[in-house]
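Here the structure comes first, spelled out in structure tokens, and everything after it is commentary.
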Amino acid sequence: MPGCASLHQAFLIKWLVLPALVLLSLPGCGGLIAIVPAQTPTPPPPPPPATATSQVEASFPGSPPRRIVSPAIELDAPVVEMGWRVVARDEQLVSEWNMPEQEAAWHKNSAWPGQGSNVVISGHNASAGGQVFARLDDLQLGDEITLWTDLDQSQPYQVIEKNVVRTFAMSAEAKEYLLTITQPTDHEQLTLITCWPSWSNTHRLIVIAQPKAPPN
């Protein structure tokens, strides 16, 4: 595949082959972000308990992301909450994510920025919808991504990893990877998901970022 060698030098890439049972995809660019048993999605994390601090301090990090910004790829887009609907598929009830067309989509069963777990956001690439993540593949190691909340609180992250995963002929390893990337973590992490390459939907691009260290 053109560009694979140079891409591997810049990023940790996992080329995984997937079985046809579980898809990580987007409506309009290959189907659904995830197909899981209907009872699998967990509820959104509860807000942290209020304290005697000010209202702003007590409310953060208890606010979902509302905007995502990354100057390196000229990304500045609204983020909306994304839930799911239960449908029948192959004689089984499954949950389908309701992917928005024009905005980035925060998985409502993932963490809030600053909560110390996995914040998961998906978006369309250049092949569909508002193309909010059309240039996600241009992110480089160390590039900054900032999430803003309802209270204009910001949480900056830096890209540390970039994975490309095939979405057909799935292996057990790839299936497990796609199921785990959206799960809670024991550390603060930002996970971005879109189709790949930018003009198609044959793979999924996973960008992982960690909180940016404050300047000394």
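With a cut-off of 14 Å between beta carbons, the residues surrounding LEU141 carry a summed charge of -3, where Lys and Arg count +1 and Asp and Glu -1.
Per the Debye formula on identical point scatterers at the alpha carbon atoms of the stretch 63-159, with no solvent, log10 I(q)/I(0) at q = 0.13, 0.20 Å⁻¹ is -0.48, -1.00. Summarising the label geometry, the points placed 7 Å from Cα in the beta-carbon direction at LYS212 and ASP186 lie 2.8 nm from one another.
For the stretch 106-216, report the translational diffusion coefficient in µm²/s to the nearest whole number, using Stokes-Einstein at 10 °C, 1.306 mPa s, and a Kirkwood Rh over Cα pairs. Before the final figure, lay out the partial values.
Details: Rh = 14.6 Å.
It comes out at roughly 109 µm²/s.
Restriction of the chymotrypsin sites (Phe, Trp or Tyr not before Pro) in the stretch 94-181 to DSSP coil positions whose beta-carbon has at most 16 other beta-carbons within 10 angstrom yields PHE168.
Using a Förster distance of 41 angstrom, determine the FRET efficiency expected from the C-beta separation of ASP143 and ALA88, and round it to 0.05.
Working: r = 42 Å, r/R0 = 1.02.
Efficiency, rounded to the nearest 0.05: 0.50.
What does the convex hull of the Cα atoms of the stretch 116-159 come to per residue, in Å³, rounded to a whole number?
Numbers: hull volume 4.2 nm³, N = 44.
It is 96 Å³ per residue.
Read the figures in this text as sums done on the coordinates, not as results from a lab. In this text, all values refer to a predicted model and were calculated from it rather than measured experimentally. Cβ: placed from backbone, ideal geometry, glycine included. Neighbour counts: every protein chain shown.
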